[in-house]
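The values are calculated or read from the model by the stated rules, or taken from the named source; none is laboratory data. Fair warning: this is a prediction, and the values are worked out from it, not measured in the lab. As a convention, Cβ positions derive from the backbone with ideal geometry for all residues, glycine included, and neighbour counts pool all protein chains shown.
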Amino acid sequence: MGLQDKYREVTDLAAELGITDLQVREENSVLYIDGTAKVAADKDKLWDLYNKIDPDYRSADLVMNIEVGKGATSEYTVEVGDSLSKIGKAYGVSWQDIFEANKDIISNPDLIQPGWKLKIPRTL
């Protein structure tokens, strides 16, 4: 059985989770899986599956370089009646994360204005 067959479940899960820039290559009897996960939970799912295949990580025949998409954002235009908490709940992020990502616009997290375009950080 080749390494790509041995770890087919891991590579299939990576594709299913939408890991971007997914690259799978075999070099010197080691399988390398590289890519970027949208959220840390997806990266954890890949490691959990790998742990089931090689519980003590003794095979030393797989290297996973899965990063979490840090810095990626969406944009949201503030509407009448919005608050950072309301916006954060809709996107699954904390109001504090939105505030931190928009300190160049927001000086007081309790005072946001309709029409402002806010960066919504990707959940990690």
Hey, P114 surrounded by 15 or more Cβ atoms within 10 Å (Cβ to Cβ), touching an Asp or Glu at 6+ places or on another chain (Cβ under 7 Å) and farther than 26 Å from T11 by Cα or not: no
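Looking for whichever is outside any loop (DSSP other than H, G, I, E, B) and touching a Lys or Arg at 6+ places or on another chain (Cβ under 9 Å) here; the options are S74, S59. Which one fits? So that I can check it myself, show each step before the final result.
Numbers: S59 fails: outside any loop (DSSP other than H, G, I, E, B).
That would be S74, the only listed residue that is outside any loop (DSSP other than H, G, I, E, B) and touching a Lys or Arg at 6+ places or on another chain (Cβ under 9 Å).
Restricting to the stretch 10-21, name every residue that is in contact (Cβ under 8 Å) with a residue 40 or more places away in the chain and under 13 Å from M64 (Cβ atoms). Spell out the reasoning first.
Of the stretch 10-21, the ones in contact (Cβ under 8 Å) with a residue 40 or more places away in the chain are 10, 14, 19-20.
Within the stretch 10-21, V10, A14, I19 qualify.
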Failed condition for K89, given (1) surrounded by fewer than 16 Cβ atoms within 10 Å (Cβ to Cβ); (2) of a type outside the set (S, T, N, Q); (3) part of a loop (DSSP other than H, G, I, E, B): (3)
Residues located in the stretch 25-43, provided they are touching a strand residue (DSSP E or B) at 6+ places or on another chain (Cβ under 6 Å) and within 30 Å of V93 (Cβ to Cβ): I33, D34, G35, T36, A37, A40, K43
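Give the residues of the stretch 39-56 that are touching a residue at least 12 places away in the same chain (Cβ under 8 Å) and under 13 Å from the mean Cα position of the chain (by Cα), sorted by residue number. Walk me through it before giving the result.
Start the filter on the stretch 39-56 by keeping residues that are touching a residue at least 12 places away in the same chain (Cβ under 8 Å), which leaves 39-40, 42-43, 45-47, 49-50, 53.
Matches in the stretch 39-56: V39, A40, D42, K43, K45, L46.
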Tally of residues being exposed (fewer than 14 other Cβ atoms within 10 Å of the Cβ), over 22 Å from P121 (Cα atoms) and of a type in the set (S, T, Y) across the stretch 15-46: 1
Among (1) among the β-branched types (V, I, T); (2) modelled with pLDDT under 90; (3) more than 22 Å from the chain's Cα centre (by Cα), the one test that T36 misses: (3)
Leading residue by the ranking (modelled with the highest pLDDT) among those in the stretch 92-109 that are under 23 Å from A41 (Cβ atoms) and exposed (fewer than 14 other Cβ atoms within 10 Å of the Cβ): Q96
Any pair with Cβ under 7 angstrom, 6 or more apart, that starts in the stretch 22-34 at a residue that is over 11 Å from M64 (Cα atoms) and ends at one that is modelled with pLDDT under 95 and surrounded by 15 or more Cβ atoms within 10 Å (Cβ to Cβ): E26/L3
Residue within the stretch 97-117 that is assigned to a helix (DSSP H, G or I), out of contact with any His (no Cβ under 7 Å at 6 or more places or on another chain) and among the aliphatic types (A, V, I, L, M) present: yes
